[in-house]
Structure formats: C-alpha cells, structure tokens
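The values are calculated or read from the model by the stated rules, or taken from the named source; none is laboratory data. What you see is a predicted model, and the numbers here were worked out from it, not measured in a lab. All Cβ positions, even for glycine, are placed from backbone atoms using ideal geometry, and neighbour counts span all protein chains on display.
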Amino acid sequence: MTSYPSDVAFTSAVKAIQSEKGSRQSYAKVEQHGWKTIVTPDLKSFLSELDMFYLGTANSAGQPYIQYRGGPPGFLKAIDEKTLGFADFGGNQQYISVGNLSENSRAFIFLMDYVHSRRIKLWGNARVVEGDDVLEEKLRDSDYPGKIERVILFEIEAWDINCPQHIHKRFPQKAVAPVIDQLQKQVQELESTIADLESKLETLGQEDLRLRRKDQA
C-alpha cells in the first residue's frame with residue numbers, strides 16, 4: 001500500500017470516517033499531491049510574520065496538552081529544511097510541555113495568522129535542548145525582554161495549509177494602535193469644533209436676546 005506524508009493525520013480510522021461521510025475521494029486526491037515535509041520559502045515567510053503559535057504535546061498516557069507560545073515576530077525559526085526551533089522563555093514553571101516531551105516526542109504546531117485568515121498545521125517530533133549557548137544565541141532577539149530558559153527543536157514530519165473557513169479576524173495591538181490614535185485625534189478635533197460652534201451659538205443667542213430687549217424698550 002502506498003504511504004503518504006498525510007498519513008500522519010489521515011490514519012485508517014480517519015479514512016474510514018471520511019469514506020462514511022463522503023469526503024474520502026476528494027482527500028485521496030489531495031494526499032496524492034503530497035503534503036510538504038520540508039521548510040519551503042512560503043513557510044519561512046509565514047513564520048517571519050508570526051509572534052505566536054500553539055504547541056501541542058502529549059504525555060506517555062496520551063493525555064494531550066496545548067500551550068500558547070509567544071515572542072517577537074519570527075521567533076519560531078527554520079534551523080534547516082527539516083527543523084524549526086524557538087527560544088523557550090521563562091513562564092509559570094509548570095513545565096507541562098517540557099515534561100511531556102521528556103517521555104513522548106510526538107508534537108504538533110498550529111500556526112495562526114488571524115489578520116489574513118491563514119493557518120498551517122505541522123506534525124512532527126520535538127525535543128528540549130538546554131545549555132546550548134550557540135543555539136540560544138542563534139534564536140535570540142536582543143530587542144525582546146524574555147529570558148531564554150531552553151530551546152525547543154521541532155523536526156517536521158509533514159505540514160499542510162488549512163482552509164480559511166470560520167477564522168475570525170483578530171488584529172495585533174501594534175496594527176490597531178495607530179488607527180485608534182488617528183480616530184482619537186479626529187474625535188478630539190470634532191469635539192473642539194463642536195465646542196467652538198456651541199460657544200458661537202451661545203454668543204449669537206445672547207446678542208439676539210439683547211437686540212430683542214432693546215427693540216421692546
């Protein structure tokens with residue numbers, strides 16, 4: 001039987017349900033074209049813009065865990081054509097992901113671009129690297145204040161671009177802040193204009209009242 005990179009996700013159980021629900025034929029065509037198994041220029045470009053992603057791990061009993069990982073834009077980097085890596089910054093010291101990887105290397109990375117409604121799913125294996133100053137320096141961003149505690153390397157088994165359906169738009173603060181500042185300035189200008197017009201109307205009203213009283217005298 002022919003095997004495909006997508007088999008990491010499309011297991012026999014998944015394929016059986018696809019057949020039952022009527023989507024197996026279309027996905028059979030998709031898997032023949034092949035999911036990517038190496039870092040491509042498009043994936044590198046996608047990574048360079050992201051300042052967060054979700055890391056999935058599981059313990060030896062199969063209990064899954066999802067963790068949000070954040071850093072400066074592009075902090076998840078391509079080490080080589082099969083490996084991604086990122087600096088793991090100090091956090092709440094629960095060490096759930098680190099503990100899971102110590103007994104089960106299977107891992108999953110979910111990349112989300114909420115601004116452009118894009119997402120990429122990556123399957124593979126991950127490992128924790130501690131005390132490697134050279135690797136830490138390679139992944140360090142001098143402008144980011146987080147303290148590096150370790151490096152996590154992710155070896156890609158397969159990845160795929162997912163459809164944009166049902167992705168709600170979300171915008172980072174740095175993108176929204178200039179727009180909000182501009183709107184606030186416009187509001188202040190309008191409020192100033194309104195206050196000026198109200199003052200002029202009040203002056204005109206007082207003058208009109210004075211003239212009426214003068215005519216009645």
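Table for the structure above
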{"quantity": "Close pairs (6 angstrom Cβ cut-off, 6 or more residues apart or separate chains): among the acidic types (Asp, Glu) in the stretch 118-133, in a strand (DSSP E or B) anywhere", "calculated": "GLU130/ARG150"}
{"quantity": "Residue check for SER23: hydroxyl-bearing (Ser, Thr, Tyr), without any contact (Cβ under 8 Å) to a residue 60 or more places away in the chain, touching a Pro at 6+ places or on another chain (Cβ under 8 Å) and farther than 29 Å from VAL134 by Cα", "calculated": "no"}
{"quantity": "Looking only at the stretch 163-205, and only at residues there that are polar (S, T, N, Q) and surrounded by 10 or more Cβ atoms within 10 Å (Cβ to Cβ), the one that is farthest from MET112 (Cα to Cα)", "calculated": "THR203"}
{"quantity": "Residue count, the stretch 152-202 (criterion: in a strand (DSSP E or B) and modelled with pLDDT under 90)", "calculated": "2"}
{"quantity": "Meets criteria (under 21 Å from the mean Cα position of the chain (by Cα), of a type in the set (Val, Ile, Thr) and in the same structural domain as PHE75 (by TED's automatic domain parsing)) for ILE167", "calculated": "no"}
{"quantity": "Residue in the stretch 28-41 that is farther than 21 Å from SER6 by Cβ, assigned to a helix (DSSP H, G or I), in contact with a strand residue (DSSP E or B) (Cβ under 6 Å, 6 or more places away or on another chain) and modelled with pLDDT of 90 or more present", "calculated": "no"}
{"quantity": "Strands (runs of 3 or more DSSP E) wholly inside the stretch 56-131 that include at least 3 residues being of a type outside the set (A, V, I, L, M, F, W, C) and at negative phi", "calculated": "64-70, 83-89, 118-129"}
{"quantity": "Matching option when the condition is modelled with pLDDT of 95 or more and within 30 Å of GLU31 (Cα to Cα), among GLY74, GLY99, GLY124", "calculated": "GLY124"}
